[in-house]
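Trainee: Take this structure, written in structure tokens, and hold onto it; I'll ask about it next.
The values are calculated or read from the model by the stated rules, or taken from the named source; none is laboratory data. Note that the structure is a prediction, hence the values are computed from the model and not measured. Cβ placement follows ideal geometry from the backbone for every residue including glycine, while neighbour counts extend to all protein chains displayed.
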Amino acid sequence: MKPPRFDYFAPQSSAEALAALAEEGGEAFILAGGQSLLPLLTMRLARPRLLIDIMRIEEWREIRLEGGAIRIGAGVRQAELESFPGLARHQPLLALALPFVGHPQTRSRGTVCGSIAFADPSAELPLALLALEGQVHLRSRQRARSLAAADFFTGTMASARAEDEVIEAVSFPVAGEGCGYAFREVTRRGGDFAIAAFAAFVDERSARLGVGGVADRPFLRFMPRPGTKDLDEALDAFAFDLEAREDLHASARYRRELVRRLGRLALEEAERCRA
Amino acid sequence: MEAKKVEDKSPWLGRSIGRLEDKALLLGRGRFIDDLGAPPGTLEAAILRSPHAHARIDRIETARARALPGVTAVLTGKDIEALTAPLLGVLKAAAHSFPIAIDRVLYVGEPVAIALATDRYIAEDALDLIEVVYEALPPVIDPRAALLADAPLLHPGLASNLVSDRSFRYGDPESAFAQAAFRVAIDTRYPRNAATPIETYGVLADYDPGADAYDVLSNFQGPFSLHPVIAKALKVPGNRLRLRSPPDCGGSFGVKEGVFPYIVLIAAAARAAGRTVKWIEDRLEHLAASSCATGRLTHLEAAVTGEGRILALDWDQIEDVGATLRAPEPATLYRMHANMTGAYDIRHLKIRNRVVLTNKMPSGLNRGFGGPQVYFPLERLMQRIARKLGLDPLAVIRRNLIAKEAFPYRTATGGFLDSGDYQGAVAAALEEGGIEELYRRREEARAEGRLYGIGFAAVVEPSVSNMGYITTVLTAEERRRAGQKSGAQATATVAIDPLGALTVKVASVPQGQGHRTVLSQIVADIFGLEPEAVSVRADLDTAKDGWSIASGNYSSRFAPAVAGAAFLAASRLRARLQRIAASQLNVAADEIVFAEGRVSARGNPENALSFSRLAASPHWAPQSLPQGEESALSETVFWTPPQLAPPNDKDEINSSLCYGFIFDICALEVDRVTGELRIDRYVSMHDCGPLLHPAMVAGQVNGGFAHGLGAALFEEQVYDGEGNLLTGTFADYLIPTVKEVPAPMVLHRHTPSPLTPLGAKGVGEGNAMSTPVTIANAAADALGLDEVTLPLQPSTLAPRLYGPERRRKEKTLARGRDAVRE
Amino acid sequence: MPRLNGERRHRIAFTLDGKPVSGEAEPRLLLSDFLRHVIGETGTHVGCEQGICGACTVEIDGRPSRSCLTLAVQVEGAEIRTVAGLAAGPETLCVLQEAFRARHGLQCGFCTGGILVSLNALFRDKPEASEAEIREVLSGHLCRCTGYVSIMEAALAAQKRLSGKTHA
Ligand SMILES: Cc1cc2nc3c(=O)[nH]c(=O)nc-3n(C[C@@H](O)[C@H](O)[C@H](O)COP(=O)(O)OP(=O)(O)OC[C@H]3O[C@@H](n4cnc5c(N)ncnc54)[C@H](O)[C@@H]3O)c2cc1C
Ligand code: FES
Ligand code: FES
């Protein structure tokens, strides 16, 4: 299990990184924390000509609170976000979801933006970003644009990111007054990717449920408030609409049941937290 | 209690002293196979493996790979075939088996070509450049399908995929079934799983054309009965195959037996290349093509009285060994032959054993070896009998256990259960394990609508395999022709150096079981020394050390056999030193005592010598030895127990030397929402005789429990219908982590074996046998299940947990933002 | 750093267990292989090369990380600590190692180095870590021998002895 050959470039500035990415076309891969890319390389499932290591670019290494959002740069590791002062206050859902991402020994290197870029349908951070209706900030040599999370994820490990674009940052809205959050997931073992994961967000006006691990990407839906009588039916509809996948670790039926049951518990828990 | 006695007599044995092995390991200074340097010019191997479960190889194009800078050679099956002979097997039907595919591949992962290069990275680059043209053939994955008349044949030389079909009959099962009030049957499937040590296989091989001899370093664990198989495959006499093991080995649990075909492959590659070749298996290779447990389909029926007394058993076992029958298979199917009635007094039985080939990785040794496959149906059946007859499952177990007075007990199939008090152990386990409290918890939980269950299993744990048991697969006539096999030689040498220090050598090859520590304790006690003063070598060099075919670390033979042999060797050496000391101290030999580094006359501590001075004297002044005394420089013992006879004409076989006992209780709860299993309490009662080192016994039990729990809940080598391996990485082949493994409550009785020098019995495999079925029984109790399939995935419990799913009104999913904003 | 050609080896320098080291590496060389086969630091083991087993865990700039999921070129200038850097003296076990010996927290010892690296960092950064937090950290390591019971015991014993004391 040894990677094929590639060139390596670790620029200090974003301009150099973007230029290199533009020049190589699809042959260059961004290397962030490497926690998803390295396994692909050692199994020779990816054969880039060049790896552009973005972790030495200072301008991308920051976590900033701006305009009602937490903006997390491309070079921010998951562990750094976990220990960001006041995270649980600024955005409880992020603080709840992060410990489910792999292990401390992978969060130490893996980045937040790398997880978004990888767009694994079972990953926690894409689910959290979607559930909070966050933004993905993309930049290429030519242009910069921001996409809503719902527009970014397009399928299993597929996104709206163009080949020459880097996720420069992602931003998660900060928690508002009177909001409640909950995060639940089922895995085969602690630290595994989720069979099904739930991010619930309840405020004064509405309740939302994000579901990961069930479909080809995370999905978010407005739900009746916990305690109202339509909830069961709405969960049931959501469970079917997701067209749950079936794999070695879980049947589609089981995933649907988790949407119905754990989805409800997550919403109820968020409602309780709000109070 | 016996453990007490050992402790009283002996200052070191029986105590959990710090292990001699640990300091280097903790400092990061272990010497595992990939830590030992290789000679200059060593080539590293990478192996190209089959992506097909069954295919003909039409052509292999290696020119581009060979042209890659850094690549020395690319070898295919034809190149290896030219240098080797087929791997010998137990049955003729082992067929024309080589460690690499010659013209057909039979499972995904089977070696197809080897690239040798200056480093592993380049060797893997070379694999990318090899082009293989396959012609796919229909695979057969399901063992029952493999038995069908029109099934694709794996080995065209064989008439069918059924390579062995034997029926056995003991007592009078037909009458017992005719008389019985009830007949209770069960069908089970035991999954193919693997113990997956964290260190993978490694081989470093060299060929000396001058002597026509191979020198191989490998983390092979034995049995060394495979040494002749390797030598024959390499076409050299046994004395031209030097097989060595590294000082440290990163776990095995049986699995590192399966490195032997790779030893042949890499050694032949070294010969072909004219250079030393090194191969360190990677995890993908390990999961696809090392070795795993057999899968087993069992139909088991019991003839039962109204009170739940079992009169007879009728076993029908189908063993899925994968693509080839590799030595020592079909041993998995026969290792339990002596104890096919478990812990129960059952006099009549029928057994039909079939061995079938399928397009999957070949099976081999794996912790529990045959035990999990037998106890899963047997102990599930006990619970089924209770359910069917409306009895308490515990009562059914107790009603059938062999009585204490019946020991030593001769089983219907010829086993000689050396010792035990099963009823006593069960009673103690229930009491100390708090069964009443668990019943109460179950009652409360159920009253609240929760799913709580309790399961039991009683298991006889065999240890020290009889080298002859495997031949039970042959008919008596075939056995006579092939030559009878028996015994279980254990070897130990205790030697003295010129400064009077002791070295112990055993042919054992540990993988973390602390052999060096225990042997140092034994020998230190005998000579009145500190364990640190004794040096122990447990690695093996077949060119220099004493060994025999039973050598190696398997069938839990260390404590009962190997440690016993060391005890005997040290005792003999001590007797000689006593005589030498007697002449120097002018007292009778039996007056000589060894204590605290000194040798003295009993009752007269003044009349003494230092131990090292006495021990060194035969080196320095052999002339001064007493008349008739040979030099006392070393003592080697080959020990084999006389109880291990070959199978007799009635196919009775005592397949193991000693038989420990285990009784397990599992209480668990199934989460109504998620179906996840949470173990509330796990109690494991062991009677493995006296404990030589209690902490190590605890380690074996805890480790075996974790393997058993993995088998119960997570682990299976899953193939799809086309024979693709779905569990080819550690992300899919799931091993329990610290979060999944609770600490079991471990209890002990200490009935010594009268047949082993130290009274000890094996303990390392028991929970691999007892735990999967105990958990399954608990889950069945919680959910009211009749059928339990391992591994118990929450997902598969869904229908039971949630009832039928209502179909919804038809509606399609609108993807994207609209769905989100609905 | 300029773009490094994948066909060639390049000099990499970093701090290993407090001492400067350097060696040559192609860009694709894994840190685990660099440590083991270029530097000769064989206490760092390899069990899966996929980030799952944890045997290869080393500290990179203060955080336990998988050396099999890191390229040697990525750690240019970094501080690396391996199991070999934990000892109290050249041949003296530190408190954590001593606890593993006393509580029989290892059998084959293959997984042990990575576990010690993770626990060392945990107890240094969070001396009061709860049992659940210790479990969380240990769940990033697979051990096939011990069933984890003695590993947990050793970890708790070490933590107890370390609390109040300063630590590497
Ligand atoms: C044992 C183990 C368990 C894990 N468990 C989980 C889990 O439970 N849940 C979970 O969500 N994840 C899990 N992961 C994956 C997680 O750790 C990764 O960190 C994450 O998916 C990718 O982040 P990274 O920074 O490591 O990205 P990399 O591996 O460096 O990159 C991943 C991909 O994204 C691209 N990329 C990275 N950053 C950018 C960027 N800024 N812009 C554009 N493209 C970019 C890369 O080119 C690459 O294709 C696990 C990993 C391991 C090894
Ligand atoms: S070798 Fe790195 S985690 Fe297994
Ligand atoms: S001690 Fe052997 S794997 Fe942990």
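Trainee: Can you tell me which residues in the range B:172-182 are surrounded by 17 or more Cβ atoms within 10 Å (Cβ to Cβ) and in a loop (DSSP other than H, G, I, E, B)?
Mentor: B:180 - this is the single residue of the range B:172-182 that is surrounded by 17 or more Cβ atoms within 10 Å (Cβ to Cβ) and in a loop (DSSP other than H, G, I, E, B).
Trainee: Same structure again: Mind counting the residues in the range B:763-796 that are farther than 24 Å from residue B:299 by Cβ and not polar (S, T, N, Q)?
Mentor: Adding up the residues that qualify gives 6.
Trainee: Related question: Quick check on the range B:244-260. Is at least one of its residues of a type in the set (Phe, Trp, Tyr) and out of contact with any strand residue (DSSP E or B) (no Cβ under 9 Å at 6 or more places or on another chain)?
Mentor: Within the range B:244-260 (the criterion being of a type in the set (Phe, Trp, Tyr) and out of contact with any strand residue (DSSP E or B) (no Cβ under 9 Å at 6 or more places or on another chain)), the answer is yes, since at least one residue qualifies.
Trainee: Count, please, the residues in the range C:104-149 that happen to be within 8 Å of another protein chain (Cβ to nearest Cβ) and either part of a loop (DSSP other than H, G, I, E, B) or at pLDDT below 95 (or both).
Mentor: Within the range C:104-149, residues that are within 8 Å of another protein chain (Cβ to nearest Cβ) and either part of a loop (DSSP other than H, G, I, E, B) or at pLDDT below 95 (or both) number 17.
Trainee: Here is a further query. Run residue C:150 past the list (1) within 16 Å of ligand 2 (Cβ to nearest atom); (2) crowded, with 21+ Cβ neighbours inside 10 Å; (3) touching a residue at least 24 places away in the same chain (Cβ under 8 Å) and report the number of the one that doesn't hold.
Mentor: Only one criterion is unmet by residue C:150, namely (1).
Trainee: Let me ask another. Considering only the range A:147-158, I want to know if a residue exists there that is surrounded by fewer than 22 Cβ atoms within 10 Å (Cβ to Cβ), of a type in the set (Ser, Thr, Tyr) and within 30 Å of residue C:65 (Cα to Cα).
Mentor: Scanning the range A:147-158, I find at least one residue that is surrounded by fewer than 22 Cβ atoms within 10 Å (Cβ to Cβ), of a type in the set (Ser, Thr, Tyr) and within 30 Å of residue C:65 (Cα to Cα), so the answer is yes.
Trainee: Would you please name the residue that is nearest to ligand 3 (Cβ to nearest atom), looking only at residues in the range C:41-57 that are of a type in the set (Ser, Thr, Tyr) and buried (at least 24 other Cβ atoms within 10 Å of the Cβ)?
Mentor: Applying the filter and picking the extreme gives C:57.
Trainee: Could you tell me which residue of the range B:698-743 is farthest from residue B:770 (Cα to Cα), considering only residues that are acidic (Asp, Glu) and at the interface with another protein chain (Cβ under 9 Å from one of its Cβ atoms)?
Mentor: B:732
Trainee: Among residues belonging to the range C:40-70 that are of a type in the set (A, V, I, L, M) and within 11 Å of ligand 1 (Cβ to nearest atom), point out the one that is nearest to residue A:40 (Cα to Cα).
Mentor: Checked the range C:40-70; the qualifying residue nearest to residue A:40 (Cα to Cα) is C:69.
Trainee: Could you check, for the range C:118-132, whether at least one of its residues is crowded, with 21+ Cβ neighbours inside 10 Å, without any contact (Cβ under 8 Å) to a residue 40 or more places away in the chain and more than 20 Å from residue A:83 (Cα to Cα)?
Mentor: Checking the range C:118-132: not a single residue is crowded, with 21+ Cβ neighbours inside 10 Å, without any contact (Cβ under 8 Å) to a residue 40 or more places away in the chain and more than 20 Å from residue A:83 (Cα to Cα).
Trainee: Sticking with this structure for a sec: Of the residues in the range C:28-43, how many are facing another protein chain (nearest Cβ under 7 Å) and farther than 16 Å from residue C:8 by Cα?
Mentor: 2
Trainee: Out of the range B:177-216, which residues are among the β-branched types (Val, Ile, Thr) and within 14 Å of chain C (Cβ to nearest Cβ)?
Mentor: B:196, B:198, B:200
Trainee: Tell me which residues, restricted to the range B:508-540, are at pLDDT 90 or above and under 24 Å from residue B:486 (Cα atoms).
Mentor: B:540
Trainee: Which of the residues spanning the range A:40-91 are assigned to a helix (DSSP H, G or I) and either closer than 30 Å to residue B:285 by Cα or of a type outside the set (A, V, I, L, M) (or both)?
Mentor: If the condition is that a residue be assigned to a helix (DSSP H, G or I) and either closer than 30 Å to residue B:285 by Cα or of a type outside the set (A, V, I, L, M) (or both), then A:40, A:41, A:42, A:58, A:59, A:60, A:78, A:80, A:82, A:89, A:90 are the ones that fit.
Trainee: Would you point out which residue out of B:302, B:338, B:327, B:272 is of a type outside the set (D, E, K, R), in contact with a helix residue (DSSP H, G or I) (Cβ under 7 Å, 6 or more places away or on another chain) and within 25 Å of residue B:456 (Cα to Cα)?
Mentor: One residue alone meets the criteria, B:302.
Trainee: Hey, can you tell me all the residues within the range B:730-763 that are among the small types (Gly, Ala, Ser) and more than 30 Å from residue A:249 (Cα to Cα)?
Mentor: Within the range B:730-763, B:753, B:759, B:760, B:762 meet the criteria.
Condition check ((1) within 16 Å of ligand 3 (Cβ to nearest atom); (2) in contact with a strand residue (DSSP E or B) (Cβ under 7 Å, 6 or more places away or on another chain); (3) outside any strand (DSSP E or B)) across all residues:
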position	(1), (2), (3)
A:154	no, no, no
A:163	no, no, yes
A:168	no, yes, no
A:171	no, yes, no
A:178	no, no, yes
A:181	no, yes, no
A:184	no, yes, no
A:190	no, no, yes
A:193	no, no, yes
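Trainee: Out of the residues in the range C:46-100 that are of a type in the set (Asp, Glu) and on the phi > 0 side of the Ramachandran plot, which is farthest from the other protein chains (Cβ to nearest Cβ)?
Mentor: Here the residue is C:61.
Trainee: Here is a list: A:213, A:190. Which entry is within 11 Å of ligand 1 (Cβ to nearest atom), within 14 Å of chain B (Cβ to nearest Cβ) and either surrounded by fewer than 24 Cβ atoms within 10 Å (Cβ to Cβ) or free of Cβ contacts under 8 Å to residues at least 60 places away in the same chain (or both)?
Mentor: Matching residue, one of A:213, A:190: A:190.
Trainee: Which of the numbered conditions does residue B:681 fail, given that it passes all the others? Conditions: (1) touching a His at 6+ places or on another chain (Cβ under 9 Å); (2) at pLDDT 95 or above; (3) surrounded by fewer than 24 Cβ atoms within 10 Å (Cβ to Cβ); (4) not hydroxyl-bearing (Ser, Thr, Tyr).
Mentor: With respect to (1) touching a His at 6+ places or on another chain (Cβ under 9 Å); (2) at pLDDT 95 or above; (3) surrounded by fewer than 24 Cβ atoms within 10 Å (Cβ to Cβ); (4) not hydroxyl-bearing (Ser, Thr, Tyr), residue B:681 is out only on (1).
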